[in-house]
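Enquirer: The structure under discussion is supplied below as structure tokens; questions concerning it will follow.
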Amino acid sequence: MNTLKHLAIIMDGNGRWAKQKGKMRTQGHKKGIQTVREITQWCAKNDISYLTLYAFSTENWNRPKTEVDFLMKSLKKYLLEEANTYHQNNIRFKAIGNIDAFNDPLKALIKDLEKTTSSNTALTQILALNYGSRDEIKRTFEKILSKKSYKEESNIEELIQSNLDTAGIPDVDLLIRTGGEMRLSNFLLWQSSYAELFFSTTLWPDFTPTELHKIIQSYQERTRRFGGL
Ligand code: IPE
Ligand code: IPE
Ligand code: MG
């Protein structure tokens with residue numbers, strides 16, 4: 001049976017969920033945040049060490065300003081409300097992505113939550129915020145090249161790994177995308193090199209711990225070969 005340390009989810013389908021119900025797209029995002037809460041708490045209680053959720057991509061700035069503004073406001077509200085839940089459930093919070101693009105109060109909130117939850121041990125919830133794999137790899141190279149001693153490094157793979165936003169976090173074991181699209185949309189390309197992929201047609205606001213549990217059970221039965229036999 002495969003163990004599951006790191007679960008990553010591309011939470012897609014909020015807008016279509018709203019459209020189907022004749023609601024505004026923002027209502028889909030609102031309902032999607034409730035799903036984030038349920039799934040995170042389920043993971044904390046079910047022995048998953050790392051849960052990475054794709055919340056806002058480097059490409060999502062291309063959406064109308066009203067939607068981007070709503071997403072930023074919702075993120076801030078979520079983080080403010082979540083502080084207690086993190087502590088009650090022993091959850092550590094971490095952000096990946098380029099958060100320098102956010103306004104100062106939001107940046108400060110993210111940093112503060114990372115700090116105050118840093119000794120929690122049950123689950124690490126990683127939110128990918130203004131995240132794109134290519135941007136992460138670009139920033140990783142910038143970090144490496146700014147160190148004078150990089151030419152003396154012999155283990156280049158380890159050098160890259162330890163300068164990614166996910167430094168210290170194990171590779172993704174299982175990557176789920178909801179919403180029916182079968183693409184990665186610039187998410188964790190390096191870290192998911194050997195991830196098992198699962199695509200669900202369920203729209204993110206309708207995704208449940210029961211469905212997640214079923215996906216995990218089918219993941220556990222897969223044969224992971226890592227290029228061997
Ligand atoms: C995912 O849902 C949430 C974000 C990307 C922020 P979408 O907003 O992409 O929903 P669809 O794909 O339009 O249905
Ligand atoms: C991926 O969803 C990004 C997040 C879930 C945050 P998108 O809806 O932005 O992806 P595309 O545009 O369909 O590839
Ligand atoms: Mg989408």
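Read-outs throughout are calculated quantities, based only on the coordinates presented, and are distinct from any laboratory measurement. Here the structure is a predicted model, which means the values were calculated and not measured. Note that each Cβ is placed from the backbone with ideal geometry, even for glycine, and that neighbours are counted across all protein chains shown.
Enquirer: May I ask you to derive the relative contact order of the stretch 132-198, considering only C-alpha pairs under 8 Å and at least 6 residues apart, and to give it as an integer percent?
Expert: 39 percent
Enquirer: To the nearest 20 debye, what is the magnitude of the charge dipole of the stretch 180-228 about its Cα centre, counting +1 on the Cβ of each Lys and Arg and -1 on the Cβ of each Asp and Glu?
Expert: 240 debye
Enquirer: If the elastic network links every pair of Cα atoms under 10 Å, which of A44, A83, A195 fluctuates the most in the Gaussian network model of the chain?
Expert: A83
Enquirer: So, one more: Which of rounded, prolate, oblate describes the stretch 187-229, given a ≥ b ≥ c as roots of the alpha-carbon gyration tensor eigenvalues and a/c under 1.5 marking rounded, otherwise prolate only if a/b is larger than b/c?
Expert: oblate
Enquirer: Using a Gaussian network for the chain with springs between C-alpha atoms less than 10 Å apart, which of these wobbles most: L164, L184, L51?
Expert: With Cα springs under 10 Å in the chain, the top fluctuation among L164, L184, L51 is at L184.
Enquirer: Report the net charge of residues surrounding E136, where surrounding means a beta-carbon distance below 11 angstrom and charges are Lys +1, Arg +1, Asp -1, Glu -1.
Expert: Summing Lys and Arg as +1 and Asp and Glu as -1 gives +1.
Enquirer: Another question, if that's okay. List the pairs from K30/K73; K5/K138; K115/K143; K31/K77 whose alpha-carbon separation is above 19 Å, in the order I gave them.
Expert: From K30/K73; K5/K138; K115/K143; K31/K77, over 19 Å: K5/K138; K115/K143.
Enquirer: Within the stretch 27-64, what residues put their amide N at less than 19 Å from the label point 7 Å along the Cα-to-Cβ vector of H213?
Expert: 35-49
Enquirer: Nothing charged except the Cβ atoms of Lys and Arg (+1) and of Asp and Glu (-1): what's the magnitude of the dipole of the stretch 109-214 about its Cα centre? Round to the nearest 20 debye.
Expert: 340 debye
Enquirer: Moving on to the next point. What number comes out for the charge environment of R222, summing +1 per Lys or Arg and -1 per Asp or Glu over other residues with Cβ under 13 Å away?
Expert: Within the 13 Å Cβ shell, the charges total -1.
Enquirer: Which one, L127, H6, T66, projects farthest toward the positive side of the charge dipole computed for the chain from Cβ point charges (K/R +1, D/E -1)?
Expert: So the residue we want is T66.
Enquirer: Continuing with the same structure: Could you tell me which residue out of Q191, I144, I156 lies farthest along the dipole of the stretch 139-197 toward its positive end? Charges go on the beta carbon: Lys and Arg +1, Asp and Glu -1, centred on the Cα centre.
Expert: Sorting the options by dipole projection puts first I144.
Enquirer: Here is a follow-up. Which residue fluctuates the most in the chain, going by a Gaussian network model with Cα springs under 10 Å, if the choices are Q88, Q125, Q161?
Expert: The residue that fluctuates most here is Q88.
Enquirer: Then there is this: Rounded, prolate or oblate: pick one for the stretch 80-229, where a ≥ b ≥ c are the square roots of the eigenvalues of its C-alpha gyration tensor, a/c under 1.5 means rounded, and failing that, prolate if a/b is larger than b/c, else oblate.
Expert: Here the stretch 80-229 falls in the oblate category.
Enquirer: Moving to a separate point now. Would you please classify the overall shape of the stretch 17-127 from the alpha carbon gyration tensor, given that a ≥ b ≥ c denote the square roots of the eigenvalues, rounded means a/c under 1.5, and beyond that prolate means a/b larger than b/c while oblate covers the rest?
Expert: Oblate, since a/c reaches 1.5 and b/c is not below a/b.
Enquirer: Dipole of the chain, Cα-centred, from +1 at each Lys and Arg C-beta and -1 at each Asp and Glu C-beta, to the nearest 20 debye?
Expert: 640 debye
Enquirer: How much FRET efficiency would the formula 1/(1 + (r/R0)^6) give for E38 and K148, where r is the Cβ-Cβ distance and R0 is 45 Å, rounded to 0.05?
Expert: E(calc), rounded to 0.05, equals 0.40.
Enquirer: Right, here's the next one. Select from L229, G168, M182 the residue farthest towards the positive end of the dipole of the stretch 75-229; place +1 on Cβ of Lys and Arg, -1 on Cβ of Asp and Glu, and compute about the Cα centre.
Expert: Result: G168, furthest along the dipole toward the positive end.
Enquirer: Also: Let me check I've understood the local charge: for T116, count other residues with C-beta under 13 angstrom from its C-beta, Lys and Arg +1, Asp and Glu -1. What total comes out?
Expert: Net local charge, T116 excluded: +1.
Enquirer: Which of the trypsin sites (Lys or Arg not before Pro) found in the stretch 76-169 are in a DSSP loop and have at most 13 neighbouring Cβ atoms, other than their own, within 10 Å?
Expert: In loop regions of the stretch 76-169 (DSSP not H, G, I, E or B), the sparsely surrounded trypsin sites (Lys or Arg not before Pro) are K147.
Enquirer: Also, quick follow-up: Counting other C-beta atoms within 10 Å, which of E59, E114 has the fewest, and how do the rest follow?
Expert: Sorted ascending by nearby Cβ count, the order is E59, E114.
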